[in-house]
Amino acid sequence: MSKWEEIKKQIVESPVWQAIFRHGYDDTPRNRVLMVSGNVWLHLHPSKVRRHGVRLKFTWCMGGITFLMFLITVVTGVYLMFYYRPVAEYAYADMKYLEFDMPFGMLMRNMHRWAAHAMVIAVWLHMFRVFMTGSYKPPREFNWVVGVILLVLTLLLSFTGYLLPWDQLSIWAVTVGSNMARAMPVLGHEGPFAEFAGVNAVYDARALLFGGGEIGPHTLLRFYILHCIFFPLVTTLLLIVHFWRIRRDGLSGPAL
Amino acid sequence: MAESKQIKTLVDVGKAVPQVSDGGRVEKTLLRAKGPGDDKIHTWPHLVRAEFLCFLAVLAFMLVWSLLVDAPLEQPAAPTRTPNPSKAPWYFLGLQEILVFFDPWHAGVVLPSFIIVGLMVLPFIDINPKGNGYFCYADRKWEILTFFGGFHVLWIVLIVVGTFLRGPGWNWFWPWEVWDSHKVVAMSNVDLPYLFGFRDYTLSALFGLAVVAGYFVLGTALMYWLIVRAKGREFMERWGTARFGLTSFLFLNMIAVVIKLIMRMGFNIKYIMVTPWINI
């Protein structure tokens, strides 16, 4: 036994190492199961999957890519939050500060934005793939419903983030995009039957979203909190359900 | 040694099932242990490896994309300076585009709700047991055609039109045309009741209501007839009234978008039904 192997043995057999890592990398069936079931992150997978479920041409890896995009936006988003203040006077200046002064600021902002766009595309393709393989059929019906809610949350996350740069592109895109709240029947002041509910421009569904009759400082703060706290939390909770369900039901596949 | 015992077993298995050649040696042990019908393989390393490689490739792609293309940042927000055109984020441009054909409460609230509800009820209205877990067109022709038409054709085409072909005043501009904000477009749209000679408000509204109601009643009857013809009466009984009703209602709403689009673009018809409260 060489010196290095002896040192390795001492480390691996030390009580500290044994307390952290409960099994090694031996390529045994038992250990392969333990690698997944004994790891909090990997145990989102079942410990065994059907052979076709691993193939790229079956899964397109689109659900995984959607999740990866979510993770990229979480990591880059936290970085952006260090420098960005959701206050009308500062927000735009902070964007410039981020782009020109902060180390990797522009890269982090680019990755955050492109990952958000890519997440929308990936989640659509994931839905298309799941549809094409009929994977929403029993017993996975409810997981499809959860997936539809996650699709809506993806759009809402992207939409609320759209306002935060506080430039012309963002406020007018959000103005147009949220006009639908103003047009809601009964609840929006420009929707049908608005007069019966007594809503007006500063007291309707859009005013609730905006914190006032039009986009202003309150809207920025509201969208910031929705974007950075509320929607990520709800999305994470539903992702847990989504992953848990597919783990319990298994990947769909042709009958054996 | 435990290690050498392990290898000995695996070699034996390899001899026992020589026809299973792809994949690792341990899978052969499992195949023999559970019988020929079981095609499961270990997540570690097979799935985890595939995911890891995919993640690395996508991450590298995102990094290159972010290094090459900067995210847009325009002038500071100015609530008094409205750009023309003002466009929603690209993924909502399909909805903004159908504002050309429907009022905001319809295009922005009712239709998106129908899309979301329609997607959610999909697993419950589709009772075809075939095509679960594999790609196959022949087993699910109608389901796939509907989804493809609604999602890939309608939704994506509307987004492309809204993103690339709409300029100032939400007027149509081809990519090679200059965006002229003074473009004059004849507003020669009329409402359907007017086209049919109705000049009285009440009669116009009643006529419009009759057309809309007639569309759904006749459309549902036609769908019933077509489905019975294509799939047989036995299928319709199994499918049930609730599933059929929901499917045909949502399907007719989707087709109505196409009909309204053709009426507006081809025949300059603005509304089918006009009332003081809602227009369709």
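The numbers here are math on the coordinates, done by the rules we state, and not lab data. Here the structure is a predicted model, which is why all the values come from computation and not from measurement. In this analysis, Cβ positions are derived from the backbone assuming ideal geometry, glycine residues included, and neighbour counts consider all displayed protein chains.
Using every pair of alpha-carbon atoms in the protein assembly as shown, split the distances into 20 Å bins beginning at 0 and state the percent of pairs per bin, rounded to integers.
Final binned percentages: 17, 45, 29, 8, 1, 0.
Just to be sure I follow: if Rg is taken over the C-alpha atoms of region A:1-40 and Rh is the Kirkwood radius over the same atoms, what is Rg/Rh? Mind dumping the intermediate values first?
Details: Rg = 12.1 Å, Rh = 11.4 Å.
Rg divided by Rh gives 1.06.
Pop a pseudo-label 7 angstrom from the Cα along the beta-carbon direction at both A:L156 and B:H182 and give the gap in nm to one decimal.
In this crude spin-label approximation the distance works out to 4.6 nm.
Can you give the FRET efficiency for B:V64 and B:N84, using 1/(1 + (r/R0)^6), R0 = 30 Å, r = Cβ-Cβ distance, to the nearest 0.05?
Working: r = 35 Å, r/R0 = 1.16.
The pair B:V64/B:N84 has a calculated efficiency of 0.30.
Looking at the protein assembly as shown only, what percent of DSSP beta bridges run antiparallel? Nearest 5 please.
Expressed as a percentage, antiparallel bridges in the protein assembly as shown total about 90.
Taking the Cα of A:V16, stepping 7 Å toward and past its beta carbon, and measuring to each backbone N in region A:24-46: which are under 20 Å?
Only A:24 pass the distance filter.
Just need the Rg to Rh number for region B:41-173, please, alpha carbons only, Kirkwood Rh. Spell out each step's value before the answer.
Values: Rg = 20.9 Å, Rh = 19.3 Å.
Ratio of gyration radius to Kirkwood radius for region B:41-173: 1.09.
With a Förster radius of 30 Å, plug the Cβ-Cβ distance of B:I156 and B:R229 into 1/(1 + (r/R0)^6) and report the FRET value to the nearest 0.05.
Calculated transfer efficiency: 0.45.
Just to compare against my own numbers: the Cα pair-distance distribution for region B:67-127, 10 Å bins, whole % per bin, please.
Per 10 Å bin, starting at zero, the Cα-Cα P(r) for region B:67-127 comes out as 16, 32, 27, 18, 6, 0 percent.
Test of understanding: extend the Cα→C-beta vector of B:F196 to 7 Å, then name every residue of region B:209-226 with backbone N under 12 Å from that spot.
B:209-215
Which angle between 0 and 90 degrees, to the nearest 10, do you get for helix B:241-267 versus the longest principal axis of chain B when only C-alpha atoms count?
50 degrees
Once amide H atoms are built 1.01 Å from N in the peptide plane, which residues 5 or more positions from A:L251, or in another chain, come under 5 Å H to H?
Correct list: A:R50.
Take region B:209-248, compute every pairwise Cα distance, and split them into 5 Å bins from 0; I just need the percent in each bin.
Pairs per bin, as whole percents: 6, 24, 29, 22, 10, 7, 2.
Would you calculate, for chain B, the mean residue ellipticity at 222 nm contributed by helices, counting each DSSP H stretch of 4 or more residues as -39,500 (n - 2.57) and dividing by all residues, to the nearest 500?
That calculation yields -17500 deg cm²/dmol at 222 nm.
In degrees, nearest 10, range 0 to 90: what is the angle between the Cα axis of helix B:25-34 and the longest Cα principal axis of chain B?
Helix B:25-34 sits at roughly 80 degrees to that axis.
Give me the three principal axis extents of region B:176-229 from the C-alpha atoms, as integers in angstrom, largest value leading.
52, 38, 13
I need the phi-derived Karplus couplings for region A:156-169: 6.51 cos²θ - 1.76 cosθ + 1.60, θ = phi - 60°, integer Hz, Gly and Pro marked x.
For region A:156-169, the Karplus-derived couplings read 5, 4, 5, 5, 5, x, 4, 6, 4, x, 6, 10, 4, 4 Hz, x marking Gly and Pro.
Looking at chain B as a GNM with Cα springs under 10 Å, which of B:L99, B:L73, B:L250 has the largest mean-square fluctuation?
Of B:L99, B:L73, B:L250, the most mobile in the Gaussian network model is B:L73.
With N set to the residue count of region A:1-112, report its C-alpha Rg divided by 2.2 N^0.38 Å to two decimal places.
Cα-based Rg divided by the globular estimate yields 1.69.
Find the relative contact order for chain B and round it to a whole percent, using C-alpha pairs within less than 8 Å whose residues are 6+ positions apart.
19 percent
In whole Hz, what ³J(HN,Hα) sequence does region A:76-91 give by Karplus (6.51, -1.76, 1.60; θ = phi - 60°), x for Gly and Pro?
5, x, 4, 4, 5, 5, 5, 10, 9, 10, x, 10, 3, 5, 9, 3
Rounded to whole Hz and in sequence order, give me ³J(HN,Hα) for region A:177-184 from the Karplus expression 6.51 cos²θ - 1.76 cosθ + 1.60, θ = phi - 60°, writing x for Gly and Pro.
Residue by residue, region A:177-184 yields x, 9, 4, 5, 5, 6, 8, 4 Hz.
Remind me, relative contact order of chain A in percent, using alpha carbon pairs under 8 angstrom and six or more residues apart?
Answer for chain A is 19 percent.
For region A:1-67, what is the convex hull volume of its Cα atoms per residue in Å³?
Cα-based convex hull of region A:1-67, divided per residue, equals 143 Å³.
If exposed means no more than 16 neighbouring beta carbons inside 10 Å and the site is in a DSSP loop, what's the longest run of chain B without any exposed GluC sites (Glu not before Pro)?
B:178-280
Mean separation of Cα pairs under 8 Å and 6+ residues apart, divided by the residue count of region A:186-256: what relative contact order is that in percent?
14 percent
Per the Debye formula with a single identical scatterer at each Cα and no solvent contribution, what log10 I(q)/I(0) holds for region A:58-246 at q = 0.08, 0.13, 0.19 Å⁻¹?
Each listed q corresponds, in turn, to -0.32, -0.78, -1.22.
Could you line up B:W277, A:W4, B:W44 from fewest to most neighbouring Cβ atoms inside 10 Å?
So the residues, fewest neighbours to most, are A:W4, B:W277, B:W44.
Once the piece of chain linking B:N128 and B:F267 is laid out straight, how much longer is it, given 0.36 nm per residue of separation minus the C-alpha distance between them?
Extra length available between B:N128 and B:F267 comes to 46.1 nm.
Using modelled amide H (1.01 Å from N, peptide plane; none on Pro or chain starts), what sits under 5 Å from the amide H of A:D167, excluding residues fewer than 5 places away?
B:A77
Peptide A:219-227: average number of partner chain Cβ atoms within 10 Å per residue?
Across the residues of A:219-227, the mean count of other-chain Cβ atoms within 10 Å is 0.
Please work out the FRET efficiency for the pair A:H23 and B:R49, using the Cβ-Cβ distance as r and a Förster radius of 22 Å; give the result to the nearest 0.05.
0.75
May I ask you to compute the full-extension gain from A:R245 to A:F82, defined as 0.36 nm times their residue separation minus their alpha-carbon distance, rounded to one decimal in nm?
Working: separation 163, 0.36 × 163 = 58.68 nm, distance 3.51 nm.
This chain segment gains 55.2 nm when fully extended.
Hull surface divided by four, with the convex hull built on the Cα atoms of region B:90-267: how many nm²?
13.4 nm²
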